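So the structure is just underneath, and the comments pick up after that.
The values are calculated or read from the model by the stated rules, or taken from the named source; none is laboratory data. Note that the structure is a prediction, hence the values are computed from the model and not measured. Cβ placement follows ideal geometry from the backbone for every residue including glycine, while neighbour counts extend to all protein chains displayed.
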Amino acid sequence: MGLRVVPLSHRQVFHGSGAVAFSTKGEYGVRLMVQLGRHHGAGPASLAEIAAAEDLPRAYLEQLAFILRDAGLVASTRGARGGYELTRPPSAIPMGEVLRALEGPLAPMICATDLPGHDLLCDRTASCTVNFLWLRVRDAIAGALDTMTLADLVPPRNPTTLGLAPVLEGAVSHS
């Protein structure tokens with residue numbers, strides 16, 4: 001029995017929801033935070049500008065901004081020059097904190113959340129031998145997210161560019 005090679009044209013396309021996946025709330029919220037990180041130190045950033053730069057619906061970004069504000073990650077300023085800004089430098093914001101604020105507990109299965117009493121959420125936890133796997137997966141994901149900060153996702157800002165567009169010098173080659 002040999003290895004079966006599936007032609008590229010017959011491979012399944014990944015549509016963003018796998019066994020361990022984040023929702024659009026998590027994805028768009030991280031993109032919002034990255035834009036705010038790029039704008040850090042330049043005053044409040046307009047959600048309308050961020051929505052245009054990221055091609056995301058402004059109304060949805062507003063909902064996410066409220067969640068992030070309630071979590072203490074962003075602050076809002078009203079008025080003509082108002083908007084949102086980070087409450088801490090990007091280097092002081094772990095990505096695990098951002099995703100927990102947006103998505104809730106990080107867990108591949110309900111029995112493996114990091115909330116107190118998680119072992120009471122499933123009737124099988126006391127006799128389940130698979131729970132160990134889910135705990136290892138949870139800890140690996142949490143470890144990766146908790147050791148990465150927003151600064152790791154924000155490229156250094158060009159001093160002459162204060163806009164919200166990404167600065168990715170040399171990242172794309174058109175040769």
Qualifying positions in the range 32-45 - at pLDDT 95 or above and surrounded by fewer than 18 Cβ atoms within 10 Å (Cβ to Cβ)
none
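Anything in the range 31-69 that is charged (D, E, K, R) and closer than 15 Å to ILE93 by Cβ? List them, or say none.
ARG31, ARG38, ARG69
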Can you name the number of the only condition in (1) crowded, with 20+ Cβ neighbours inside 10 Å; (2) among the β-branched types (Val, Ile, Thr); (3) part of a loop (DSSP other than H, G, I, E, B) that VAL20 fails?
(1)
Counting only residues in the range 80-124 that are touching a Pro at 6+ places or on another chain (Cβ under 9 Å), closer than 21 Å to ALA51 by Cα and in a loop (DSSP other than H, G, I, E, B), the one modelled with the lowest pLDDT is identified as ARG81
Given the criteria over 28 Å from LEU36 (Cα atoms) and over 13 Å from the mean Cα position of the chain (by Cα), does ALA59 qualify?
no
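Conditions tested, residue by residue: (1) at pLDDT 50 or above; (2) more than 21 Å from PRO116 (Cβ to Cβ); (3) not β-branched (Val, Ile, Thr).
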site: TRP134; (1), (2), (3): yes, no, yes
site: THR149; (1), (2), (3): yes, yes, no
site: PRO155; (1), (2), (3): yes, yes, yes
site: PRO159; (1), (2), (3): yes, yes, yes
site: VAL167; (1), (2), (3): no, yes, no
site: SER175; (1), (2), (3): no, yes, yes
Complete set of residues in the range 53-70 that are under 12 Å from ARG31 (Cα atoms) and among the hydrophobic types (A, V, I, L, M, F, W, C)
ALA53, LEU56, LEU61, LEU64, ALA65
The number of residues in the range 45-78 that are among the small types (Gly, Ala, Ser) and in a helix (DSSP H, G or I) is 6
ASP123 fails exactly one of the following numbered conditions: (1) within 21 Å of GLY26 (Cβ to Cβ); (2) over 20 Å from the mean Cα position of the chain (by Cα); (3) of a type in the set (Asp, Glu). What is the number of that condition?
(1)
Considering every residue within the range 94-105, establish whether at least one is surrounded by fewer than 18 Cβ atoms within 10 Å (Cβ to Cβ) and farther than 30 Å from ALA42 by Cβ.
yes
